[in-house]
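Undergrad: I have a structure here, written as structure tokens, and I will follow up with some questions on it.
The values are calculated or read from the model by the stated rules, or taken from the named source; none is laboratory data. Worth saying up front: this structure is predicted, and the values here are computed from it rather than measured. Note: ideal-geometry Cβ built from the backbone for every residue, glycine included; neighbour counts use all protein chains shown. Please note that ligands, DNA and RNA were not included when accessible areas were found on the heavy atoms of the full protein model with its side chains. Shrake-Rupley method; radii C 1.70, N 1.55, O 1.52, S 1.80 Å.
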Amino acid sequence: MLESVLSDLKVVDVTSMIAGPTMARFFAELGANVIHVEPPRGDDGRNSGSAYLGREAPIFSASNRSKRGMVVDIKQHEGQRILRRLARDADLFVQNSPPGVMEKYGLGYEDLSRINPALVYVSISAWGAAGPLAASPGYDVLFQGFVGTMRKPSEDLPPHFNGSYGADPTAPMLAAFAAMVALRRRDRTGVGAHVQTSLLEATMDNIATRLVLADAETEIASASPGRALGGLGAFRCLDGDYAVICAWTDAQFQKLCQLADLAHIADEPKYCGREGRIEDGIALNEVLDNWTSTLGRTELVAHLRSEGIPCAPVRGGGMRELIEDPQIQANGLITAIDHPTKGLMWFTSPAYTIDGERAAIRPAPMLGQHTDEVLREHGLSPGEIADLRSGGVVA
């Protein structure tokens, strides 16, 4: 069972929103004892989009599934003592506060490594640990502009955000990979480590194949979905829907032109190479758009796929349409679970298999659902827990 692979690991998760919680969620889904610690009001992800008492926003539902949850006010000295108690025998401590915040509470890497030298401490920040923006707040959309992944649909329209997050899903993968490397080293040496990454680093990594520059050369952006390339783009269909076509190779483009009854384009020497198709990309795609708009989306996609040309429907991003897709179903990419207050809920499945097995998932914890349970496991008596609750330290 994959849910027990990491059952010997204990993770203290003091994070909020998406990147930090998602990194800890990877470990939870593989059986690690992940304790998600929230402030009394709940983390920002829980409160993003719906009432949080007894419910949670989709951000929280997705990022904190398969964990246990407790409420601790780390702004109080007693709350800080509880966190240090949890960290004493933890394998991972994950936090995504701005640099300096956890240190202010005596919960930084140096503080906790003194009481647990084997601890792997993970910090996920917005702008990185240093530099003029280190203490500034940061969200995924900011980095799309900062590193240049936002695109202008035309000269007359402003740049627009990408249709999905880039930094928020990538940063946790980088952090989890680095944390596993640190754990592997710790198993050999007995010494923990401070793992750091950021939303900025994740965004840069996402476009690493485009950020290559030889100093002696003029910078030329490579062909990508953000640039005009003949045969690549979202094309109109007869029914008003769109389909993405990616005739990337020379052979694919030639075949596409033949199917579209555009032999004169297919025979043009200029378009036998990608450079010419970039130069005239807008004009080529306008001609192709005239052809695709004579076919319904389902017909177009099926026709191009049968001829070996990469193509996919452009969907609205909703879960219900994806649930019914045969490719999604065949690979088990969506999982249904019962939620204590929302009933049946559908989630994306863990995005990997090991020996053909995909990990099972559980709902995210209710606010403070496991506070007493975790405190008892760490040696606190019912009376001590009651005193902490009456003092507003836990909930």
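Undergrad: Looking at (1) of a type outside the set (A, V, I, L, M); (2) in contact with a Leu (Cβ under 7 Å, 6 or more places away or on another chain); (3) open to solvent by less than 50 Å² (accessible area, probe 1.4 Å); (4) at pLDDT 95 or above, can you tell me which one residue 78 breaks?
TA: (3)
Undergrad: Give 28, 87, 32, 62 a once-over and let me know the one that is in contact with a Phe, Trp or Tyr (Cβ under 6 Å, 6 or more places away or on another chain), surrounded by 19 or more Cβ atoms within 10 Å (Cβ to Cβ) and not aromatic (Phe, Trp, Tyr). Don't jump to the end; show me each part of the working.
TA: Details: 28 fails: in contact with a Phe, Trp or Tyr (Cβ under 6 Å, 6 or more places away or on another chain); 32 fails: in contact with a Phe, Trp or Tyr (Cβ under 6 Å, 6 or more places away or on another chain); 62 fails: in contact with a Phe, Trp or Tyr (Cβ under 6 Å, 6 or more places away or on another chain).
Selected residue: 87, the only one of 28, 87, 32, 62 that is in contact with a Phe, Trp or Tyr (Cβ under 6 Å, 6 or more places away or on another chain), surrounded by 19 or more Cβ atoms within 10 Å (Cβ to Cβ) and not aromatic (Phe, Trp, Tyr).
Undergrad: Let me ask something else. Please work out which residue is farthest from residue 120 (Cα to Cα), limiting yourself to the stretch 165-203 and to residues that are part of a loop (DSSP other than H, G, I, E, B) and touching a residue at least 60 places away in the same chain (Cβ under 8 Å).
TA: From the stretch 165-203, those part of a loop (DSSP other than H, G, I, E, B) are 165-166, 190-192; that's our starting set.
Restricting the remaining residues to those that are touching a residue at least 60 places away in the same chain (Cβ under 8 Å) gives 165, 190-192.
On the way: 165: 27, 190: 11, 191: 8, 192: 5 Å.
This residue is 165.
Undergrad: Let me ask another. If I go through the stretch 1-34 residue by residue, how many of them are assigned to a helix (DSSP H, G or I) and under 19 Å from residue 124 (Cα atoms)?
TA: Step one: of the stretch 1-34, the residues assigned to a helix (DSSP H, G or I) are 2-4, 19-29.
From what is left, the residues that are under 19 Å from residue 124 (Cα atoms) are 19-28.
Final tally of qualifying residues: 10.
Undergrad: Shifting gears a bit: Specify the residue that is surrounded by the fewest Cβ atoms within 10 Å (Cβ to Cβ); the eligible residues are those in the stretch 1-25 that are within 24 Å of residue 170 (Cβ to Cβ) and among the charged types (D, E, K, R).
TA: Initial filter on the stretch 1-25 (within 24 Å of residue 170 (Cβ to Cβ)): 2, 5-6, 9, 11-25.
Then drop every residue that is not among the charged types (D, E, K, R), which leaves 13, 25.
On the way: 13: 30, 25: 27.
Per the stated criteria, the residue is 25.
Undergrad: Identify, please: which residue in the stretch 228-256 is β-branched (Val, Ile, Thr) and either open to solvent by less than 60 Å² (accessible area, probe 1.4 Å) or touching a Lys or Arg at 6+ places or on another chain (Cβ under 9 Å) (or both) and is, among those, farthest from residue 282 (Cα to Cα)? Break it down into steps so the answer makes sense when it comes.
TA: Looking only at the stretch 228-256, we keep the residues that are β-branched (Val, Ile, Thr), and these are 244-245, 249.
Okay, now just the ones that are also either open to solvent by less than 60 Å² (accessible area, probe 1.4 Å) or touching a Lys or Arg at 6+ places or on another chain (Cβ under 9 Å) (or both), so 245, 249.
Working: 245: 14, 249: 17 Å.
Among them, the one singled out is 249.
Undergrad: Can I ask one more? Could you please find all residues in the stretch 338-367 being open to solvent by less than 50 Å² (accessible area, probe 1.4 Å), in contact (Cβ under 8 Å) with a residue 40 or more places away in the chain and within 21 Å of residue 322 (Cα to Cα)? Spell out the reasoning first.
TA: Our first condition is that a residue be open to solvent by less than 50 Å² (accessible area, probe 1.4 Å); within the stretch 338-367, this holds for 339, 343, 345, 347, 349-350, 359, 361, 363-367.
Remaining after also requiring in contact (Cβ under 8 Å) with a residue 40 or more places away in the chain: 339, 345, 347, 350, 359, 361, 363-367.
Scanning the stretch 338-367 gives 339, 345, 347, 350, 359, 361, 363.
Undergrad: Let me ask something else. Which of the residues spanning the stretch 95-141 are in a helix (DSSP H, G or I) and either in contact (Cβ under 8 Å) with a residue 40 or more places away in the chain or of a type in the set (S, T, N, Q) (or both)?
TA: At the first step, the residues of the stretch 95-141 found to be in a helix (DSSP H, G or I) are 101-104, 109-115, 140-141.
Selection gives 102, 109, 113, 140.
Undergrad: Also, I was wondering about something else. Kindly establish whether residue 202 is at pLDDT 95 or above and either in contact with a Ser or Thr (Cβ under 9 Å, 6 or more places away or on another chain) or of a type in the set (A, V, I, L, M) (or both). Don't jump to the end; show me each part of the working.
TA: Details: at pLDDT 95 or above: no; either in contact with a Ser or Thr (Cβ under 9 Å, 6 or more places away or on another chain) or of a type in the set (A, V, I, L, M) (or both): yes.
For residue 202, the condition - at pLDDT 95 or above and either in contact with a Ser or Thr (Cβ under 9 Å, 6 or more places away or on another chain) or of a type in the set (A, V, I, L, M) (or both) - is not met.
Undergrad: From (1) touching a strand residue (DSSP E or B) at 6+ places or on another chain (Cβ under 6 Å); (2) under 30 Å from residue 342 (Cα atoms); (3) surrounded by 22 or more Cβ atoms within 10 Å (Cβ to Cβ), pick out the condition that doesn't hold for residue 120.
TA: Residue 120 satisfies all of (1) touching a strand residue (DSSP E or B) at 6+ places or on another chain (Cβ under 6 Å); (2) under 30 Å from residue 342 (Cα atoms); (3) surrounded by 22 or more Cβ atoms within 10 Å (Cβ to Cβ) except (2).
Undergrad: Hey, can you tell me all the residues within the stretch 271-319 that are within 14 Å of residue 246 (Cα to Cα) and among the charged types (D, E, K, R)?
TA: Selection gives 274, 277, 289, 305, 307.
Undergrad: Under the condition of being modelled with pLDDT of 95 or more and open to solvent by 80 Å² or more (accessible area, probe 1.4 Å), which residue from the stretch 150-180 is farthest from residue 92 (Cα to Cα)?
TA: The extreme case among them is 173.
Undergrad: In addition: Within the stretch 47-65, identify whether any single residue is in contact (Cβ under 8 Å) with a residue 12 or more places away in the chain, outside any loop (DSSP other than H, G, I, E, B) and over 25 Å from the mean Cα position of the chain (by Cα), and answer yes or no.
TA: no
Undergrad: Condition first: in contact (Cβ under 8 Å) with a residue 40 or more places away in the chain and assigned to a helix (DSSP H, G or I). Now tell me which residues in the stretch 372-395 satisfy that.
TA: Correct list: 373, 374, 375, 388.
Undergrad: Also: Take the residues in the stretch 257-280 that are in contact (Cβ under 8 Å) with a residue 24 or more places away in the chain and open to solvent by 70 Å² or more (accessible area, probe 1.4 Å); name whichever of them is nearest to residue 296 (Cα to Cα).
TA: If we take residues in the stretch 257-280 being in contact (Cβ under 8 Å) with a residue 24 or more places away in the chain and open to solvent by 70 Å² or more (accessible area, probe 1.4 Å), then 261 is nearest to residue 296 (Cα to Cα).
Undergrad: Oh, and also: Of all residues in the stretch 35-59, count the ones that are more than 21 Å from residue 123 (Cβ to Cβ) and either open to solvent by 10 Å² or more (accessible area, probe 1.4 Å) or hydrophobic (A, V, I, L, M, F, W, C) (or both). Even if it seems obvious, please write down each step before you answer.
TA: Quick first cut of the stretch 35-59, residues more than 21 Å from residue 123 (Cβ to Cβ) only: 40-42, 46-58.
Within this subset, residues satisfying the condition of being either open to solvent by 10 Å² or more (accessible area, probe 1.4 Å) or hydrophobic (A, V, I, L, M, F, W, C) (or both) are 40-41, 47-55, 57-58.
The total comes to 13.
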